[in-house]
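The values are calculated or read from the model by the stated rules, or taken from the named source; none is laboratory data. What you see is a predicted model, and the numbers here were worked out from it, not measured in a lab. Backbone-built Cβ (ideal geometry, glycine too); neighbour counts: all protein chains shown. To get the accessible areas, we keep the full protein, side chains included, count just its heavy atoms, and leave off ligands, DNA and RNA. Shrake-Rupley method; radii C 1.70, N 1.55, O 1.52, S 1.80 Å.
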Amino acid sequence: MTRRPTNPDRAMIEHRLGIARQDAELLIRRLGINSAPIDPVAIARTERKHLRLCSGNYGNACDGRLEYHPDKRRFVCFFNTKYDRDDGRGHAPRTRFSLAHELGHYFIEDHHEYLRSGGKSHESRSEFVTATPVEQQADCFAAHLLMPDPLVKPIVNQEELSVEMISEVADAFRASFVSAALRAAEVSHFCGAVVAIKNGAVIWSRVSKALIEAKVYPGERGPARSPGAQAAWEQFEQRETVMAPRSGWAHDWFRVYDEERARSLPVDETYLPVRVMNTLIAVVSIPEDELFDDED
């Protein structure tokens, strides 16, 4: 059985993720990058004296791997191009994320020094599919490198979280919908969340700071409780591509400690299937007039 993280564990995880965010933001500023989409290949090439790129279709072996070769005093970064398509747009979003993830291992000091001092390299499966702290940290670095706050916030905060808005972010930054959804929830000034559902169960969720400030907190992992989510998962399994927006209740998605509010707080639910990850992404928004009265 997987041990659930305690409060000290969570504090350490958040500390490590904070380092990853800071390292990505400092790198973006140092390189003077101020427009999207951001090119991780170009970023890697700024380290050409110390880092060599090796891309190729590695099948199902891994998404990426960073090695240190002491005889050459050089890192070698392998990244899998099996997701690429001949569409004239360069590397696919998943490929770009895989490379950015490996750059996280390169630029985050603890990861860098671990490999330089003889630590064992390992194959990475990127894009938020692992609970390993080191991999979570590299995923966080990648998301912030490809979608830094100063560039993504102006797009996200034009409107409430929605599938359409997140799709706009994904397209502008050449990112996957999953990465764009997570970053949108992180920087949104509106009350909403993104939730990942797999095999009919919630596997992770990310809520906006505005929702936390309204004392509405992430729900527990486990079987999806929302009737709308259950119906959407059935559609997903039947490989239906169009999923109608639904209405639901906050208590099916979140922890709401005000019992009266928990019983009566409505939410809007929209869904997008992510077939490559066998995952259904739910975008859950709470109308602000339901959370705050006119004086607030």
Name the residues in region 175-195 that are open to solvent by 30 Å² or more (accessible area, probe 1.4 Å) and not in a helix (DSSP H, G or I), would you?
His189, Phe190
How many residues, within region 9-60, are closer than 26 Å to Arg73 by Cβ and either in contact with a Pro (Cβ under 8 Å, 6 or more places away or on another chain) or among the hydrophobic types (A, V, I, L, M, F, W, C) (or both)?
13
Flagged in region 220-242 as open to solvent by 20 Å² or more (accessible area, probe 1.4 Å) and assigned to a loop (DSSP other than H, G, I, E, B), in numbering order, are Glu220, Arg221, Arg225, Gln238, Arg239, Glu240, Thr241, Val242
Looking at region 208-217, can you tell me whether even one residue there is open to solvent by 90 Å² or more (accessible area, probe 1.4 Å), closer than 27 Å to Asn157 by Cα, without any contact (Cβ under 8 Å) to a residue 60 or more places away in the chain and in a loop (DSSP other than H, G, I, E, B)?
yes
Region 229-246, residues that are of a type in the set (Gly, Ala, Ser) and either closer than 18 Å to Gly192 by Cβ or touching a residue at least 40 places away in the same chain (Cβ under 8 Å) (or both)
Ala229, Ala232
Looking only at region 31-53, decide whether some residue is in a strand (DSSP E or B) and open to solvent by 90 Å² or more (accessible area, probe 1.4 Å).
yes
Selected residue (criterion: least open to solvent (accessible area, probe 1.4 Å)) from residues of region 113-150 that are farther than 16 Å from Arg21 by Cα and in a helix (DSSP H, G or I)
Leu115
Check on Trp249, surrounded by 16 or more Cβ atoms within 10 Å (Cβ to Cβ), touching a residue at least 40 places away in the same chain (Cβ under 8 Å) and aromatic (Phe, Trp, Tyr)
no
